[in-house]
Ligand SMILES: Cc1cc2nc3c(=O)[nH]c(=O)nc-3n(C[C@H](O)[C@H](O)[C@H](O)COP(=O)(O)OP(=O)(O)OC[C@H]3O[C@@H](n4cnc5c(N)ncnc54)[C@H](O)[C@@H]3O)c2cc1C
């Protein structure tokens, strides 16, 4: 077998939204760099980034209560919400740049305007929601947020949820009209079309098996060409491991010190979905509730309007589950194979610490469909079992690592970028807030791995993301400008004009 490494500037492993975003940023910054992509499936965006494998929420903390925890003194901590909102503004600016420059077209195929609402029941949670509203609504990033505990008003906001609700328990909601539903799978496909147009070599059905550092400091990547049935070796100065759930095993193969003492814990997800006109026509929002006690933060129940492939549906979930696979298309041995001498203690400590999570997952796995419907009926009292189907969502691999604050084996719910000390390789682990923050996370990868270029690249980055390097929070005028320009470029106008035009386009397609 010949082993002639073919050298290139950059190798991207995986064709999900993260590699798509990093590749697009790099192609705009240094068009002359050669980029190769290796993806084990036959299309881009087919794992977690696929529209049906995630909830498609443009996470900007407008409605997700887990981003604003209540502190022991009763105050609401909004720091995480501010960060996530800022990150989503960065994504919207980059997508707008791509649309304005005709590098991608038809933004309505991947992003739609949709009100984001939070819904709570019971006096304690209503008081919390009111405090959250007071803490956020004066902030320009959360402009337009409304609060109501008036059932008639709530009936206008969410008829499907309020109809035939009989309990006397207090109920309240907040609403922000500038939320979005995003089909990250469609976005990923558009970005890959753009990359192929820019001569990026995209190799589907190519599975990366191994990698090791070559003598000159570059990386040699061993790839299995699935259809050709042969092994190939490629080298690059920089490798990005954007393999989603498959990133941890590949990071472990690099043997870099930064890959040690890290583990992963897979959590699978299920959604209930309905395309029945009587359901779909009565709901137009993403409505997020409060997580159940012991539930991990990503299991917050929500009832969402979704726009996928020109069709409107309503989705409820997620229901968590357990599968030892790291990818939907992964292997039942993924979890066990990821346990190494250097992370076994980390993993065992996490197992001992996370008894509440284990109990929660066992309960979720045991849920029958009728039990799932009962949970849905907490949202839609009139929900009929025959209107809803179960679909299997993507896998999330939560990172487990040792932290100074919380000790050995701490389960992380965020996204982690792991880079080699010399910046020659980076891996993205974790899944939340995920795809919504892809642009700011990939800009972080560029800053960490290419510090020597950042000054030179800065003017172009600012052209693509005008708020780059600034805190929007400190620039209310810039926030207003960015809201207006991104809404215009992406067709998210708040006057509802363009939104209703898009709605009729979707309805036409359905017909
Ligand atoms: C149930 C669920 C709900 C979610 N909801 C949201 C949401 O509402 N909003 C949001 O912003 N985010 C959400 N996320 C997170 C979001 O989906 C992910 O953060 C994002 O899609 C990750 O993109 P990625 O490119 O890293 O991975 P992926 O999209 O999984 O892509 C990785 C790619 O790498 C390929 N690959 C893996 N191993 C190899 C290998 N060895 N060789 C070659 N190719 C390989 C895979 O086939 C895959 O195509 C959700 C995730 C889940 C699971």
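A short reminder: the numbers here are calculations on the coordinates, not readings from a lab. All figures in this text were calculated on a predicted structure; none of them were measured in a lab. All Cβ positions, even for glycine, are placed from backbone atoms using ideal geometry, and neighbour counts span all protein chains on display.
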Ranked on Cβ counts within 10 Å of their own Cβ, fewest leading, 95, 219, 33 go 33, 219, 95
Using only Cα atoms and rounding to the nearest 10 degrees, what angle (0 to 90) does helix 79-100 make with the longest principal axis of the chain?
70 degrees
Provide 63, 449 in ascending order of the number of other Cβ atoms located within 10 Å of each residue's Cβ, fewest first.
449, 63
Can you sort 477, 353, 371 so the residue with the fewest Cβ neighbours within 10 Å comes first?
477, 371, 353
Contact order normalised by residue count of the chain, Cα under 8 Å, 6+ apart, percent
22 percent
Hey, what number do you get for the chain at 222 nm if only DSSP H runs of n ≥ 4 count, each worth -39500 (n - 2.57), divided across all residues, to the nearest 500?
-10500 deg cm²/dmol
Counting all C-alpha pairs of the chain, share separated by more than 45 Å (%)
11 percent
Principal-axis tilt of helix 184-197 within the chain, Cα atoms, nearest 10 degrees:
30 degrees
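Run through the DSSP bridge list for the chain and note the antiparallel percent, rounded to the nearest 5. Write out the running numbers ahead of the final one.
Values: 63 of 83 bridges.
Close to 75 percent.
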